[in-house]
Amino acid sequence: MPQRLFVVSNRLPIVLEKRGGGWTLKPGSGGLVSAIAPVLSHRGGLWVGWPGLPLERGGDWERVLEEGYRERGYDLVPVLLTEQEVKGFYEGFSNAILWPLFHDMLGRCHFEPPFWYTYLDVNEKFAEAVAGQRREGDFVWVQDYQLIHVAEFLRRRDESVRVGFFLHIPFPPLDILLKLPWRGQILKALLAYDLIGFQTPRDSRNFLTCLQNLVPEVEMEDGGAVTEVRLGARTVRVGAFPIGIDFRAYEETARSDDVNRRVGELRRKIGPIHLILGVDRLDYTKGLVERLEAFRNALKRHPGLRERVVLLQIVVPSREGVAEYQSLKAHIERLVGEINGEYSTAGWVPVQYQYRSQPRRDLVALYRLARICFVASIKDGMNLVAKEFCACQVDDSGILVLSEFAGAAAQLQRGALLVNPHDIEGMADALKAAFDMSDDERRRRMAGMREILREQDIFWWVDYYLQAALGTVPDDFRVPKEYLPALDLDELLDTG
Ligand code: GDG
């Protein structure tokens, strides 16, 4: 009997909706669900998470949840949260403290003590839900920053629990982590895991440096892909496991008749204009303002781009209850208006802006149609949009302009045009370089990126993480090299 797997994430991988008198249940979308679901069905297991809306025990929804998932070979275990808990734990500690801090945005943190206590209470609730179902030999895999303390609460009940963690967002450097009033508790909570997975070698290094400096008693042994950290009786393994996408599924959809038809329709509508595409959740980490400024700068300094390119920026509504996100939306909309006011001509509007989620088929058609995908994150754990764009470039003809501070830069550094999102002119010049790039170079770069992403897809990621957690990391595991820009020595030495 294989060991059962428990996946624990803030949200359950479903969408539960009240329709008329009853409930409907839809599977959640996204690579994580499609990669983990087969492993769960095969090993047997459970997915523990919040259903995403305020619910009470004993309602019809419970039957719908149970029946909907019986045939899938694994169970869903809902953790119910009150409105006050959602405010303190999710909107508060998770999204107004850890999210901005881990993205190096100290100024956006609201270090309010009540958020911390609610975070602990809710993490304990999640741990209780796991403990209630766990049997000896099961492996518990906790996902992301909302649930850092789950292992600590689990170990209080049973020291022998086997539990791993994966952080989807970046881990900050020492000087930033030090600002967190609860830095010691967070580090201690992470040390309760058996395996900690980060997106990139840089995140893993940041974590290890924090430990070395703040807990000098730790011993570390660098084992290549995985570093072993020892503190007293505990051994914690730490490594970088860059998350992938379901590459083949994207590629297949991009080649489908349906998408071909849609691409044809869109191509007829836009004519010979080159499409620059941005797709992001509304978030200050995604560099939306910087991207618009860079596009404006490109139109100003490279007039040859006028009437030849359009920036289509799709922004998916997110965390709409938070004031910071509302003012970001207003800022973006003002900029779009300004750029269009300055540069539009009869028949050409330079920025198209859509504030809504797109059906997946339409998104894939846009990924395929775009000549340039423009990702300008100020900081990003990985950035799946960059990878999805490459998977959909089945003709190898598009160019990825990618922020150096997206985790994806480590894997895609040879193929993408890497940019610093704080360097508006640098980004504008990269757009121009992308526009002028020869067919050969475009194809060579894209083909290289597609090869990496095809191999290191989401199934590879799940497999390697679980192998590292349950056995050993195979010898052929290739850790991506950290990306660091090569500065020009002549410029550095030029004292002028
Ligand atoms: C976190 C980390 C890390 C977007 N617009 C539409 C749509 N999407 C889908 C994309 C993509 C996902 O949303 C966004 O993923 P990202 O990776 O870009 O960003 P986060 O949501 O911030 O994710 C990130 C990730 O976790 C995984 O570890 O990469 O760094 O921040 O899959 O396709 N999907 C549809 N319509 C849209 O309009 N259907």
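Summary table below
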read-out	value
Cleavage-rule hits, trypsin sites (Lys or Arg not before Pro), the range 104-170, DSSP coil, Cβ neighbours within 10 Å at most 16	Arg135
Debye, to nearest 20: dipole size of the chain, +1 on Lys, Arg Cβ, -1 on Asp, Glu Cβ	1160
GluC sites (Glu not before Pro) within the range 28-69, DSSP loop, no more than 12 other Cβ atoms inside 10 Å	Glu56
Sequence-distant residues sharing a close amide H with Val140 (under 5 Å, placed H)	Phe6, Arg162, Val163, Gly164
Options Leu489, Gln354, Val163, ranked by Cα towards positive dipole end of the chain, top entry (Cβ charges)	Gln354
Environment charge of Phe111, counting only residues whose C-beta is closer than 14 Å and scoring Lys/Arg +1, Asp/Glu -1	+2
Reciprocal mean inverse distance between Cα atoms of the range 342-414 - Kirkwood radius, Å	13.7
Pairs beyond 25 Å (Cα-Cα), from Lys87/Lys329; Lys269/Lys329; Lys269/Lys432; Lys26/Lys286	Lys269/Lys329; Lys26/Lys286
Estimated [θ] at 222 nm from DSSP helical runs (n ≥ 4, -39500 (n - 2.57)) normalised by residues in the chain, nearest 500	-13000 deg cm²/dmol
Size of electric dipole in the range 5-240: Cβ of Lys, Arg +1 and of Asp, Glu -1, about Cα centre, debye, nearest 20	220
Sequence-separation-based contact order of the range 247-455, relative, with Cα cut under 8 Å and 6+ spacing, percent	26
Relative frequency of Cα-Cα separations exceeding 30 Å in the chain, percent	50
For the range 350-496, alpha-carbon Rg relative to the globular expectation (2.2 N^0.38 Å, N residues)	1.18
Sorted peptide list for 17-24, 94-101, 250-257, criterion being average Cβ within 10 angstrom, highest first	94-101, 250-257, 17-24
Total charge dipole magnitude, the range 1-138, about the Cα centre, Cβ charges on Lys, Arg, Asp, Glu only, Debye to nearest 20	420
Listed residue (Gly448, Leu288, Gly264) projecting farthest to the positive dipole end of the chain, Cβ model	Gly264
Ranked list, fewest to most other Cβ atoms within 10 Å of each Cβ, for Thr235, Thr118, Thr200, Thr345	Thr345, Thr235, Thr118, Thr200
Partners for Lys188 among lysines (Cα-Cα distance below 24 Å; same-chain residues under 8 apart left out)	Lys125, Lys179
Nearby aspartates and glutamates by direct alpha-carbon distance to Lys18 (threshold 19 angstrom, same-chain neighbours under 8 apart not counted)	Glu56, Asp60, Glu62, Glu66, Glu67, Glu83
Long-range amide H partners of Asp75 with built H, under 5 Å	Gly45, Leu46, Trp47
Dipole of the chain, positive end: most advanced residue of His110, Thr235, Thr82 [Cβ charges, Cα centre]	Thr82
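Bear in mind these aren't lab numbers, they're just calculated from the coordinates by the rules spelled out. Because the structure is a prediction, the values reported are computed rather than measured. Neighbour counts are summed over all protein chains in view; Cβ atoms, including those assigned to glycine, are modelled from backbone coordinates with ideal geometry.
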